[in-house]
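The next block holds one structure in the form of structure tokens; read it before the comments.
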Amino acid sequence: MRTDAQRERARQYYAENRERVLELDRARRQRNPERAPEIRRACYFRNHEKRLAYHRGRFARGQSWAQRNPERTRERDRAYQKVYYLDHRAEQAVRNAAWIQSNPDRVAHNSATRRAREYGADGSHTLQEWLDKCVLLGNVCFYCGEDKTLVRDHKVPLTRGGTNDIRNIVPACRSCNSRKHTMTVDEFGLVTEREKMRPTLRPASSSLRIVGVTSSVSPLPSERP
Ligand SMILES: [Zn+2]
């Protein structure tokens with residue numbers, strides 16, 4: 001290791017004899033061309049810490065090239081990403097498929113968010129808010145109470161100006177969600193009430209069956225929805 005004094009002397013010598021030093025370097029490289037890369041590498045590693053400190057300092061002071069050239073940095077990054085994408089397309093596709101497989105909640109959340117945006121709905125909710133709401137409501141369908149796969153149901157539908165805020169959302173099974181369709185909770189409640197009353201109309205059809213009419217007969221008018 002050279003002392004500071006030695007280093008200072010070397011710097012001064014270089015400043016005064018720059019041409020001569022460079023000429024000697026050139027001659028040495030020509031005598032031993034195979035050693036040049038090795039010497040360059042050694043120099044690179046010898047000054048690694050110093051160089052890092054220099055760049056960190058410039059970055060901290062906001063003087064780095066990237067900070068002075070935000071436009072060109074963005075362009076350069078974009079070009080790099082494009083090349084990277086083309087080079088790694090196949091691996092990326094495999095990785096994406098695996099990610100989709102192992103993140104079903106996130107995938108469903110993203111597509112629900114996209115759908116709400118397409119309707120121009122106000123408000124938004126996070127995946128965590130949705131999961132919390134499911135837990136709060138017992139992880140069962142809000143309408144039929146069954147323990148099935150749950151989807152987001154908008155109490156006031158998006159098609160009727162409902163928001164995508166968590167307060168407008170309840171968990172519902174696919175069946176209830178699609179039967180409710182564009183109805184509000186109150187309207188859907190009336191429909192399910194009416195359905196519950198329907199069994200009292202059934203005896204007519206069971207008596208038909210007794211007299212030997214097959215089940216392929218068309219339903220009685222009272223049975224039609
Ligand atoms: Zn249901």
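What follows draws every value from the coordinates through simple rules; no lab data is involved. As the structure is a computational prediction, the values presented were derived from the model and not from experiment. Note that each Cβ is placed from the backbone with ideal geometry, even for glycine, and that neighbours are counted across all protein chains shown.
Tabulated results
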| read-out | value |
| --- | --- |
| Three semi-axes of the equivalent ellipsoid, region 53-111, Cα gyration tensor, whole Å, largest first | 35, 16, 12 |
| Alpha-carbon spread of region 122-197, three principal axes, descending order, Å | 38, 28, 16 |
| Degrees, to the nearest 10: 104-118 long Cα axis against longest axis of the chain | 80 degrees |
| Förster radius 45 Å - calculated FRET efficiency between Gln92 and Glu38 (Cβ-Cβ, nearest 0.05) | 0.75 |
| Long-range amide H partners of Asp153 with built H, under 5 Å | Val170, Ala172 |
| Point-to-point label distance, Asn47-Trp65, nm (Cα→Cβ direction, 7 Å offset) | 1.5 nm |
| Net charge contributed by nearby residues that have their C-beta within less than 13 Å of Glu193 (K/R +1, D/E -1) | 0 |
| Relative intensity, log₁₀ I(q)/I(0), of the chain from a Debye sum that treats every alpha carbon as a point, q = 0.08, 0.10 Å⁻¹ | -0.66, -0.82 |
| Percent of Cα-Cα distances greater than 21 Å, calculated over region 4-138 | 75 percent |
| Computed [θ] at 222 nm, helices only, for the chain once each DSSP H run of length n ≥ 4 contributes -39500 (n - 2.57) | -19000 deg cm²/dmol |
